[in-house]
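Trainee: Please see the structure below; I have some questions.
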Amino acid sequence: MSEEEVGQEFDRVVRAAMMALGQVREAMSRRAAERDRQTQAQSAAAIREQEQRTAQLRQIVGRQDFWDNATGERVANAATYGATLYNVDRNAATIYDTVRDQAHARFGINVDEIRAQHPDSEEARRDALMHAVDDRLAAMRDDALGRDDRAAAADLQDEARAQREQGADEERDAGEATPDSERHERTADRLDSEADVDLANEYGHEQDHDRHLNDAGVDDAAAARETSSMPEPVADHEAPRAPATTAAGHAREAMDSSYPQSAKRALASSAKGRAPKAKSAKQQQARERTSGLSR
C-alpha cells in the first residue's frame, strides 16, 4: 500500500467512524434503558463495530507511511477522534497518544497545549491543530526549497569561478585579452547573475519558512515546556475530573457530552478509565525515543 493509499484509507475509516458515533450513542442509550435481549444484542453489535473501526484507525495511525504522508487535516481528525473516546476505548487512547508524540517529534507541536487554548469547542481545537500542522509542513517545504536554491547558487558560483580562471589562463598565455578570454568573463558574469537570483530565492524561502513557523506556533522552548499532569484514575466512576484548563479536562468534557454515563461504563467494562495526560518535556522526549511506528 502506497503512502497516499494509507492516507486515503485513514480518511475513509475515520469518516465512517465519526459518522457512526451518533448511532453508537443511541445504541448505548437503548442498551442501558431496554431489557429486551434483541435490542441489547443490536446495541452490543453497534458498539463492537465501532470498536473495530477504532482498532483499524489505531493501526493506520501507527504506520510510518501514514506520518510520512501526513496532512494537517488527517492529524487533526486522528487527534479529535482519539480524544473523544480516550476514556472508553484503549485503541482510541493509543491514537491520541501516538498523535501527541509524533506531532511533537516531527513538527515541534504540543498537541495538549493547542487543545487547551480552545476550551469551549472541539471544532476549534481540531481546526487549530490542523492549521498548526499545515503551517509546519509548509515551513519544512520552504526550508527544503531554500536548501535547493543555496546548492544551485553554489554550483553556479563554482562554474563562474572556473570560467574566470580559464579566461585568465588564456589571457596570460596570449599576453593580452583575447576574444576567448572575454567570452569566458561574460559567461562568468552571467553565471554570477543566475547565482544571485537563486540566493534571492533562498532568502525569500527563509522568510516564508519563518512566517509559517510563527503561524504554526512552533517554539522549541514552548514545545518542551513542562505541563501539569493528571493523577491516574483508579476507576471510571472514581476518576478525578480534570480541570477545565487542561487538555485532559477538555477531552473528558467532549466524551461526557457524547456518551451517557451508563454507556461509558458499558464500553469501559474491559478497560480502565483514563484521560489524556499532558506530558512533561522529559516524558515526551523519552517516549519519542522509544516509540516506533510500524511499516
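The values are calculated or read from the model by the stated rules, or taken from the named source; none is laboratory data. None of these values were measured; they are calculated from a predicted model. Cβ atoms come from the backbone with ideal geometry, glycine included; neighbour counts cover every protein chain shown.
Trainee: Quick check: is even one residue across the stretch 96-112 basic (Lys, Arg) and at pLDDT 95 or above?
Mentor: Within the stretch 96-112, one or more residues are basic (Lys, Arg) and at pLDDT 95 or above.
Trainee: Let me ask something else about it. Can you work out which of the residues in the stretch 62-95 that are of a type in the set (D, E, K, R) and not in a helix (DSSP H, G or I) is surrounded by the most Cβ atoms within 10 Å (Cβ to Cβ)?
Mentor: In this case the residue turns out to be ASP89.
Trainee: Take the residues in the stretch 39-87 that are more than 30 Å from MET140 (Cβ to Cβ) and among the aliphatic types (A, V, I, L, M), then tell me which one is farthest from the chain's Cα centre (by Cα).
Mentor: Only one residue fits best here, namely ALA41.
Trainee: Right, next: Search the stretch 82-132 for residues being of a type in the set (A, V, I, L, M, F, W, C) and touching a Ser or Thr at 6+ places or on another chain (Cβ under 7 Å), and hand back the single one that is farthest from VAL61 (Cα to Cα). Break it down into steps so the answer makes sense when it comes.
Mentor: So in the stretch 82-132, the residues of a type in the set (A, V, I, L, M, F, W, C) come out as 83, 85, 88, 92-93, 95, 99, 103, 105, 107, 109, 111, 114, 116, 124, 128-130, 132.
With touching a Ser or Thr at 6+ places or on another chain (Cβ under 7 Å) added as a condition, the list becomes 85, 92, 116.
Numbers: LEU85: 15, ALA92: 11, ALA116: 22 Å.
If we take residues in the stretch 82-132 being of a type in the set (A, V, I, L, M, F, W, C) and touching a Ser or Thr at 6+ places or on another chain (Cβ under 7 Å), then ALA116 is farthest from VAL61 (Cα to Cα).
Trainee: Could you give every pair whose Cβ atoms fall below 6 Å, whose first residue belongs to the stretch 82-107 and is on the phi < 0 side of the Ramachandran plot, and whose second residue is assigned to a helix (DSSP H, G or I) and acidic (Asp, Glu), counting only separations of at least 6 or pairs across chains?
Mentor: Pairs found: ASP101/GLU288; ALA105/GLU288.
Trainee: Any residue that is more than 17 Å from GLU73 (Cβ to Cβ), assigned to a loop (DSSP other than H, G, I, E, B), of a type in the set (S, T, N, Q) and modelled with pLDDT of 70 or more - is there at least one of those in the stretch 2-13? Show your work before the answer.
Mentor: Filtering the stretch 2-13 down to residues more than 17 Å from GLU73 (Cβ to Cβ) leaves 2.
Next cut, assigned to a loop (DSSP other than H, G, I, E, B) only: 2.
Still in the list and also of a type in the set (S, T, N, Q): 2.
From what is left, the residues that are modelled with pLDDT of 70 or more are 2.
Yes, some residue in the stretch 2-13 is more than 17 Å from GLU73 (Cβ to Cβ), assigned to a loop (DSSP other than H, G, I, E, B), of a type in the set (S, T, N, Q) and modelled with pLDDT of 70 or more.
Trainee: Do the conditions hold for LEU137, that is, is it under 30 Å from VAL75 (Cα atoms) and at pLDDT 90 or above?
Mentor: Spelling it out, LEU137 is indeed under 30 Å from VAL75 (Cα atoms) and at pLDDT 90 or above.
Trainee: Quick check on this structure: which one of ASP208, ASP198 is within 22 Å of the chain's Cα centre (by Cα) and assigned to a helix (DSSP H, G or I)?
Mentor: ASP208
Trainee: Across the stretch 113-142, what is the total count of residues that are crowded, with 17+ Cβ neighbours inside 10 Å, more than 15 Å from ALA103 (Cα to Cα) and assigned by TED's automatic domain parsing to the domain that holds HIS209?
Mentor: So the count comes out to 1.
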